[in-house]
Amino acid sequence: MSVKKDPSGRRSVQVETEVPGTPEEVWAAIATGPGVSSWFVPTEMEEVDGKPVAVKSNFGPGMESSAVVTAWDPPRMFAAESPGWTPEMPSMATEWSVEAKAGGTCIVRVVHSLFTDKDDWDNQLEGTEHGWPGFFRTLRIYLTHFRGQRSALMQKMTVAAGTEAEVWETLTTALGLKGVSVGQRWSSPAGVPALGGVVEHATQSPNDILLRLDTPGPGVAALGTYNCGQIMVGVNLYLYGDEAAANVARESPLWQAWIEKRFPTPAEPGKGV
């Protein structure tokens, strides 16, 4: 995967995935606030006279983003433009499309574009590109098993001490997930908030495990470690059904306490313990 550079000055990356569902069902999952929140991050579509004009996404405290909708053609395509991540960076155009395929599936495609003659932001474009496959796996599970259901999301992320490999070892060992295989049934060991289901995906580089849950309710657990200049641990629960919000409200403080105990905040350099 790499940045595509056009003679016009457009620099872009493209990611796509095949998912089950009709174009209308897939559109509801990628182009509505409740749908996007079911597999990505909490998202709202701001409307004027019944037409979306802005997309607002919440990646965590202090990490909100907003984009202006520039094209809207349901259930086929929509586009939006967001400010650059720094004052010097040009705005980013994002286009989503849904293409129907035979056999009751669709191709979901996302293209991110910048117009610039500089390569200063190619790394950011590539980082965005690398992030989508993990979320698309959650989208595929959602559309396969939980399509159209109410959802609620628990997001937990913290800085951890050590290398990414060391932090991943700590996380998977503590959860009893070290060496698990796809298709294996699993449940959390003693001392960990109740969690159980089937392993849907497990990889290293990137360090990522997806579980299709039946405990504490129907849903998906996305677990991973990330190097964002500092090592981060992420535990996200996407829960579905009428009890989803109540389940998240109950489980969130339990996971917060577990994460704080297992991954205490590293001491700042020079401050000691």
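Below is a table of values for the structure above.
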{"read-out": "Residues residue 185 and residue 101, FRET efficiency given R0 of 30 Å [Cβ-Cβ distance, rounded to 0.05]", "value": "0.45"}
{"read-out": "Residues 147, 76, sorted so that the one with the fewest Cβ neighbours within 10 Å comes first", "value": "76, 147"}
{"read-out": "Unit charges at the beta carbon, dipole of the chain: most positive-side option, 70, 244, 113", "value": "244"}
{"read-out": "Local electrostatic count, residue 138, Cβ distance below 14 Å [Lys/Arg +1, Asp/Glu -1]", "value": "+2"}
{"read-out": "Highest-MSF residue in the chain out of 205, 97, 181 [GNM, Cα springs under 10 Å]", "value": "205"}
{"read-out": "Size of charge dipole - the chain - debye, nearest 20, with Cβ of Lys, Arg +1 and Asp, Glu -1, no other charges", "value": "680"}
{"read-out": "Sorted by Cβ neighbour density within 10 Å, fewest at the top, the residues 101, 156, 56", "value": "101, 56, 156"}
{"read-out": "The range 32-181 - charge dipole about Cα centre, Lys and Arg +1 at Cβ, Asp and Glu -1, debye rounded to 20", "value": "960"}
{"read-out": "Mean residue ellipticity (222 nm) of the chain, computed from DSSP H runs ≥ 4 via -39,500 (n - 2.57), nearest 500", "value": "-8000 deg cm²/dmol"}
{"read-out": "C-alpha center-to-center spacing [the range 53-117, the range 214-239] in angstrom", "value": "23"}
{"read-out": "Nearest-ten-degree value, helix 122-145 long axis tilted from longest Cα axis of the chain", "value": "70"}
{"read-out": "115, 146 arranged by Cβ crowding within 10 Å, fewest neighbours leading", "value": "115, 146"}
{"read-out": "Estimated dipole of the range 151-262 in Debye, rounded to 20 [Cβ of Lys and Arg +1, of Asp and Glu -1, Cα centre]", "value": "160"}
{"read-out": "Angle between the chain longest axis and helix 244-262 axis [Cα atoms, degrees, rounded to 10]", "value": "60"}
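Rule-based calculations on the coordinates, nothing more; no lab input. None of the values given here were measured: they were computed from a predicted structure. Please note: Cβ atoms are built from the backbone with ideal geometry, for glycine as well, and neighbour counts cover all protein chains shown.
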